[in-house]
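Heads up: the structure comes next, in structure tokens.
The values are calculated or read from the model by the stated rules, or taken from the named source; none is laboratory data. Owing to the predicted nature of the structure, the values given are computational and were not obtained by experimental measurement. Please note: Cβ atoms are built from the backbone with ideal geometry, for glycine as well, and neighbour counts cover all protein chains shown.
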Amino acid sequence: MQLHQRFIQTAKKFSLRIAVYDKATMTDFTYSKMLIASFILKEYIGKIRGKYIGVLLPTGAGAMLTILGTLMKGKIPVMINYSTGAMDNCRYAREKCQFKTIITSKKLLEKLNLEPIDHMIYIEDILAKVRLKDKLKAALLSKLPFALLKNLVHHGSLEEISVILFTSGSEKEPKAVQLSHKNILHNVNAFPNMIQLDENDVYAAILPLFHVFGLTVDFWLPALTGASMLTYPNPLEYKTVCDYIREYKVTFIAATPAFFYGYLQKSSPGDFASVRIAIAGADKLPEKVFDGFMKKHNLTVYEGYGTTETSPVISTTYPGSHKHGSIGRPIPNTQVRILDIHTDKILGPNQEGKILVKGDLVMEGYLHDLEQTSLRIRNGWYDTGDIGLIDDDGFLFHRGRLKRFVKVGGEMVSLVLVEDLLSQLLPENVICCVVDVPNPVKGADVVAAVANGNFDMNKVLKQLKKELPAIAVPRQFYVIDDIPMMASGKVNFREVEKIVREKSSNGK
């Protein structure tokens with residue numbers, strides 16, 4: 001069964017259970033109400049021309065229902081990033097996927113102070129046009145047995161595309177990732193086999209749904225297990241999120257390390273008392289965040305690893321399968337191998353190389369980009385572009401992006417390793433990012449960008465020189481008041497690199 005059919009099955013089984021506590025609208029939605037509303041949206045979306053529907057909506061019931069209604073009509077949602085450059089992202093998505101209509105929200109555009117562009121439809125207007133007879137028809141339909149209902153919506157193969165998502169663009173132009181129903185179901189089906197998750201759980205659904213981490217782990221996973229989702233559109237409002245976690249007795253939270261750090265700073269003891277599972281992903285979990293949660297909340301923040309192209313989770317640590325510093329063993333029905341970065345020879349345990357992944361989690365390909373697809377997927381194996389190793393116990397360790405290694409004087413330097421050491425030496429409130437700038441003699445220089453200069457630079461450099469080879473020690477520190485960040489909480493390396501290289505060439 002496809003994702004939306006699985007949702008109908010779950011909604012029929014847990015009809016009276018709260019599916020979404022939507023804190024943006026202060027409205028609770030039972031599974032029955034979600035089912036009825038998705039049927040109503042299905043009819044409206046069916047009148048829109050074309051295969052693709054743009055979705056520019058914050059995390060909440062509205063975005064979830066739009067995704068469901070779109071799939072029920074056999075169309076494909078294109079999830080658009082609204083956090084930075086929203087209108088540019090809309091135009092880019094349209095051009096890449098060749099569609100016009102974008103479903104958005106008046107409130108979102110007002111909050112972001114954005115002017116709408118042509119062919120935008122407001123979800124508030126869609127709902128305002130719903131007639132009583134439409135509601136009654138959808139309500140009556142929802143009462144039908146599942147065996148009949150599943151045939152009243154679009155049904156096709158699991159290989160059909162279920163969503164278009166865009167890569168972060170932190171290193172190059174975003175690519176349009178095509179994830180099938182099979183891809184996302186691979187992740188959804190794997191989790192309950194590792195971690196005890198069921199309809200009694202309450203998820204903190206705070207990640208944006210245009211990010212695969214949010215879409216799979218904060219929406220499809222709870223929605224297909226009958227759990228409740230506490231949705232809040234802004235994960236950066238740390239204190240508010242912590243208050244809701246306490247109030248709604250959240251049991252599961254997935255977030256980026258940057259968000260976890262914010263929650264650690266703004267939370268009070270007891271806020272995370274109900275949380276059974278906390279998993280960090282999308283970036284490396286710093287020691288100070290892991291230790292901080294243990295000390296303040298007696299809570300282990302587990303660490304997972306994934307990519308947009310793998311729907312997303314490849315591996316994760318979890319209760320009963322945790323090794324500190326590792327990103328866990330591969331999830332069920334997932335193969336991982338390590339290849340030599342120069343020869344592509346398969347490496348054995350504890351040998352560092354490129355991380356490749358195989359299984360139903362691997363995307364169908366990049367839309368309208370056969371060249372990039374063929375470069376990244378060969379014989380079913382997806383090249384993550386990351387460097388890591390697998391130890392004797394089968395645990396995967398991540399060493400950084402291959403693109404975040406740089407050749408200095410003929411030697412490979414890991415910018416991630418330098419960044420980790422620097423982060424530990426800097427005050428807690430200082431964000432740092434390590435990049436490289438061209439050097440005509442050595443090929444490149446390692447430099448550091450920091451969010452403020454309130455620290456003893458000489459002392460930090462002295463310590464770095466003790467722990468790093470000379471070629472890896474940053475040659476220069478550049479102060480950038482606001483280090484550019486992605487919506488996921490990751491540093492936007494591409495933008496930082498631009499700023500630093502410009503400062504370097506100007507001699508600043």
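With respect to the numbered conditions (1) more than 22 Å from Met79 (Cα to Cα); (2) part of a helix (DSSP H, G or I), which one is the sole condition not fulfilled by Ser274?
Here Ser274 clears every test but (2).
Quick check on Gly54: is it touching a helix residue (DSSP H, G or I) at 6+ places or on another chain (Cβ under 9 Å), at pLDDT below 95 and not charged (D, E, K, R)?
no
Mind telling me which of the residues Pro116, Pro174 ends up being part of a loop (DSSP other than H, G, I, E, B) and free of Cβ contacts under 8 Å to residues at least 24 places away in the same chain?
Sole residue among the options that is part of a loop (DSSP other than H, G, I, E, B) and free of Cβ contacts under 8 Å to residues at least 24 places away in the same chain: Pro116.
So, in region 345-368, how many residues would count as being surrounded by fewer than 19 Cβ atoms within 10 Å (Cβ to Cβ) and over 19 Å from Pro312 (Cβ atoms)?
Residues in region 345-368 being surrounded by fewer than 19 Cβ atoms within 10 Å (Cβ to Cβ) and over 19 Å from Pro312 (Cβ atoms): 9 in total.
Exactly one condition in (1) surrounded by 14 or more Cβ atoms within 10 Å (Cβ to Cβ); (2) of a type in the set (A, V, I, L, M); (3) part of a loop (DSSP other than H, G, I, E, B); (4) without any contact (Cβ under 8 Å) to a residue 60 or more places away in the chain is not met by Leu152; state its number.
Of the numbered conditions (1) surrounded by 14 or more Cβ atoms within 10 Å (Cβ to Cβ); (2) of a type in the set (A, V, I, L, M); (3) part of a loop (DSSP other than H, G, I, E, B); (4) without any contact (Cβ under 8 Å) to a residue 60 or more places away in the chain, the odd one out for Leu152 is (1).
Quick check on region 236-246. Is at least one of its residues without any contact (Cβ under 8 Å) to a residue 12 or more places away in the chain and either aromatic (Phe, Trp, Tyr) or not in a helix (DSSP H, G or I) (or both)?
yes
From the list Ala61, Ala19, exactly one residue is touching a residue at least 40 places away in the same chain (Cβ under 8 Å), crowded, with 20+ Cβ neighbours inside 10 Å and either of a type in the set (Lys, Arg) or farther than 19 Å from Ala128 by Cα (or both). Which is it? First the steps, then the outcome.
Details: Ala61 fails: either of a type in the set (Lys, Arg) or farther than 19 Å from Ala128 by Cα (or both).
Answer to the selection: Ala19.
Any chance you could count how many residues in region 247-271 are of a type outside the set (Ser, Thr, Tyr), surrounded by 18 or more Cβ atoms within 10 Å (Cβ to Cβ) and assigned to a helix (DSSP H, G or I)?
Of the residues in region 247-271, 6 are of a type outside the set (Ser, Thr, Tyr), surrounded by 18 or more Cβ atoms within 10 Å (Cβ to Cβ) and assigned to a helix (DSSP H, G or I).
Farther than 30 Å from Ile483 by Cβ, free of Cβ contacts under 8 Å to residues at least 40 places away in the same chain and crowded, with 20+ Cβ neighbours inside 10 Å: does that describe Thr70?
Working: farther than 30 Å from Ile483 by Cβ: yes; free of Cβ contacts under 8 Å to residues at least 40 places away in the same chain: yes; crowded, with 20+ Cβ neighbours inside 10 Å: yes.
In short, yes.
Of everything in region 73-131 that's in contact with a Cys (Cβ under 7 Å, 6 or more places away or on another chain) and at pLDDT 95 or above, which residue is surrounded by the most Cβ atoms within 10 Å (Cβ to Cβ)?
Filtering region 73-131 down to residues in contact with a Cys (Cβ under 7 Å, 6 or more places away or on another chain) leaves 78, 80, 102, 117.
Applying the additional criterion that residues be at pLDDT 95 or above yields 78, 80, 102.
Working: Val78: 27, Ile80: 24, Ile102: 22.
Among those that are in contact with a Cys (Cβ under 7 Å, 6 or more places away or on another chain) and at pLDDT 95 or above, it is Val78.
Yes or no, residue by residue, for (1) part of a loop (DSSP other than H, G, I, E, B); (2) modelled with pLDDT of 80 or more:
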position	(1), (2)
Ala444	no, no
Val447	no, no
Lys459	no, yes
Lys462	no, yes
Pro474	yes, yes
Asp481	yes, no
Val496	no, yes
Glu502	no, yes
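Looking at Leu149 and the list (1) within 26 Å of Ala24 (Cα to Cα); (2) in contact with a helix residue (DSSP H, G or I) (Cβ under 6 Å, 6 or more places away or on another chain), which single condition is not satisfied?
Only one criterion is unmet by Leu149, namely (1).
When you check Ile48 against the structure, is it of a type in the set (A, V, I, L, M, F, W, C), within 21 Å of Arg131 (Cα to Cα) and part of a loop (DSSP other than H, G, I, E, B), yes or no? Walk me through how you get there before you give the answer.
Values: of a type in the set (A, V, I, L, M, F, W, C): yes; within 21 Å of Arg131 (Cα to Cα): yes; part of a loop (DSSP other than H, G, I, E, B): yes.
It is true that Ile48 is of a type in the set (A, V, I, L, M, F, W, C), within 21 Å of Arg131 (Cα to Cα) and part of a loop (DSSP other than H, G, I, E, B).
Quick one: count up the residues across region 356-383 that are in a strand (DSSP E or B) and under 11 Å from Ser311 (Cβ atoms).
2
Six or more apart or on different chains, Cβ atoms under 6 Å: show the pairs whose first residue is in region 365-392 and under 22 Å from His342 (Cβ atoms) and among the hydrophobic types (A, V, I, L, M, F, W, C) and whose second is assigned to a strand (DSSP E or B) and modelled with pLDDT under 95.
Final answer for the pair search is Ile387/Arg399; Ile387/Gly400.
Assess whether Thr216 counts as being closer than 20 Å to Glu364 by Cα, crowded, with 21+ Cβ neighbours inside 10 Å and either free of Cβ contacts under 8 Å to residues at least 12 places away in the same chain or in contact with a Pro (Cβ under 7 Å, 6 or more places away or on another chain) (or both). Give the derivation first.
On the way: closer than 20 Å to Glu364 by Cα: yes; crowded, with 21+ Cβ neighbours inside 10 Å: yes; either free of Cβ contacts under 8 Å to residues at least 12 places away in the same chain or in contact with a Pro (Cβ under 7 Å, 6 or more places away or on another chain) (or both): yes.
Spelling it out, Thr216 is indeed closer than 20 Å to Glu364 by Cα, crowded, with 21+ Cβ neighbours inside 10 Å and either free of Cβ contacts under 8 Å to residues at least 12 places away in the same chain or in contact with a Pro (Cβ under 7 Å, 6 or more places away or on another chain) (or both).
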